[in-house]
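Reviewing the structure listed below.
Just so it is clear, none of the values below were taken in a lab; they were calculated from the coordinates. What you see is a predicted model, and the numbers here were worked out from it, not measured in a lab. Reconstructed Cβ throughout: ideal geometry from the backbone, glycine too, with neighbour counts over all protein chains shown.
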Amino acid sequence: MPVVDLATSSRRDLNAALHALREGDNDMHWRVENPAGQHALACGLDAPVTVEIAGHAGYYCAGMNQHATVVVEGNAGVGVAENMMSGRVHVKGDASQSAGATAHGGLLVIDGNASARCGISMKGVDIVVKGSIGPMSAFMAQAGRLVVLGDAGDALGDSIYEARIYVAGEVAGLGADCVEKEMREEHRAELRELFEAAGVEADPAMFRRYGSARQLYNFHVDNAAAY
């Protein structure tokens, strides 16, 4: 297993080496030591490599990920897994704002809490947060699933499109056009699949589902105050 020590190597050299990897290469499991909260670690990966970051990561860790598995053995800063296309990102600590923002696919797992705007403008990613999430999460979420085992902050799902939100704990408040929806067997089955993928043990019966009321799709003067 290649080991890169960022106390003696540069982040630029690390990312360049990871970008040079191609499917079928021998060294497809890397470990990064002494990350010290540096930004943009393991960004733009497009090969099925596994990267273990032994500590805290700064802004935009694993951004634009495709095919790779990135594990952060600590906390992650703003925008972890931002614009992820596929693959898996696992944060074993807490995540700052905008986790999984604009992500199109793949799976983001956060063992701790996520701050404000978790899943903002998500476009197909699956996000599983084992703790709680902050306000304005899933703002303008277009597609994908956000699962929260803890509580959710205010304005959840504001201006949501067709993403699905599942929350086990308390919701401080729903955003514009976001409503609670019926939990059917298809949704419980969906949760069981996500639990298995994220390594979670939970009862789908504990969760409530939220989604779009579809009242903001087209402008209507009676809804002007909500725009």
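Measuring between their Cα centroids, region 17-62 and region 107-173 lie 25 Å from each other. Towards the positive end of the charge dipole of region 73-167, with charges on Cβ (+1 Lys, Arg; -1 Asp, Glu), say which of Met85, Ala99, Pro135 has the farthest Cα. Most positive-ward Cα: Met85.
The label point for Val179 and the one for Arg214, both projected 7 Å from the Cα toward the Cβ, are 1.1 nm apart. One chain, two ends: Asp25 and Ala143. Fully extended at 0.36 nm per residue, the span grows by 39.1 nm beyond their Cα-Cα distance.
DSSP bridge analysis restricted to the chain gives an antiparallel fraction near 15%, rounded to the nearest 5. Taking 27 Å as the straight-line reach from the Cα of Lys181, the lysines in range (excluding those fewer than 8 positions away in the same chain) are Lys123, Lys130.
Here's how it looks for Val70: its modeled amide H is under 5 Å from those of Val51, Arg88, Val89, His90, which are all 5 or more places away or on a different chain.
Put in line by how crowded their Cβ is, counting other Cβ atoms within 10 Å and starting with the fewest, Leu107, Leu156 read Leu107, Leu156. Relative to the dominant Cα principal axis of the chain, helix 185-198 is inclined by about 20°.
Could you list Cys61, Cys118 so that the one with the fewest beta carbons within 10 Å of its beta carbon is first and the one with the most is last?
So the residues, fewest neighbours to most, are Cys61, Cys118.
In terms of the mean number of neighbouring beta-carbon atoms within 10 Å, the peptides 15-22, 89-96 order highest first as 89-96, 15-22.
So for region 136-227, Kirkwood radius off the Cα pairs, Stokes-Einstein at 20 °C and 1.002 mPa s: how many µm² s⁻¹? Stokes-Einstein gives a translational diffusion coefficient of 158 µm²/s. Shape annotation for the chain: C-alpha extents along the principal axes are 60, 36, 29 Å, from largest to smallest. Put simply, when 193-200, 31-38 are sorted by average Cβ atoms within 10 angstrom per residue, most first, you get 31-38, 193-200.
Hey, could you get me the Stokes-Einstein D for region 1-47, Kirkwood radius over alpha-carbon pairs, 37 °C and 0.692 mPa s, rounded to whole µm² s⁻¹?
Answer from the Stokes-Einstein relation: 295 µm²/s.
Sorted fewest first by neighbouring Cβ atoms within 10 angstrom, Val179, Val78, Val147 come out as Val179, Val78, Val147. Each pair of Cα atoms in region 1-112 enters the Kirkwood radius, and Stokes-Einstein at 4 °C and 1.567 mPa s then converts it into a translational diffusion coefficient of 98 µm²/s. Computed extension gain for Met1 through Ala225, at 0.36 nm per residue and net of the alpha carbon distance, reaches 75.0 nm.
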